[in-house]
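The values are calculated or read from the model by the stated rules, or taken from the named source; none is laboratory data. Nothing here was measured: the structure is a model prediction, and the numbers come from that model. Counting neighbours? That spans all protein chains shown, and the Cβs are built from the backbone with ideal geometry, glycine included.
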Amino acid sequence: MTLHLAGGDRPTLVYPKPDHTPADYTILNFPVDDIDQAIDELTARGVRFERYDGIAQDERGVMREGGPYIAWFKDPAGNVLSVLQER
């Protein structure tokens with residue numbers, strides 16, 4: 001099974017790898033216009049957002065200090081992804 005992501009400057013293809021070890025860092029950021037709306041839509045589809053010790057995150061799991069707003073979640077393989085809203 002493969003996943004094709006369209007949009008942006010070029011398409012992205014994601015495919016399975018035998019003996020995969022998930023990344024423990026963010027491997028893919030999804031830029032969004034409204035992070036709260038994105039979180040609502042993803043949560044409604046069953047996505048759970050991550051919380052990390054030592055990172056100031058609000059009750060929704062969003063880091064809103066310093067740089068862009070960002071919230072992390074994991075894909076089905078355990079890799080860390082995020083939604084990211086520029087200020």
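Which of the residues belonging to segment 57-87 are in contact with a strand residue (DSSP E or B) (Cβ under 8 Å, 6 or more places away or on another chain), over 23 Å from Asp19 (Cβ atoms) and in a loop (DSSP other than H, G, I, E, B)? Correct list: Gln57, Arg60, Gly61, Val62, Pro68, Glu86, Arg87.
Within the option set Gly78, Gly66, being modelled with pLDDT under 95, under 16 Å from the mean Cα position of the chain (by Cα) and small (Gly, Ala, Ser) holds for one residue only, Gly78. Of the residues making up segment 5-22, none is surrounded by 11 or more Cβ atoms within 10 Å (Cβ to Cβ), basic (Lys, Arg) and out of contact with any strand residue (DSSP E or B) (no Cβ under 8 Å at 6 or more places or on another chain).
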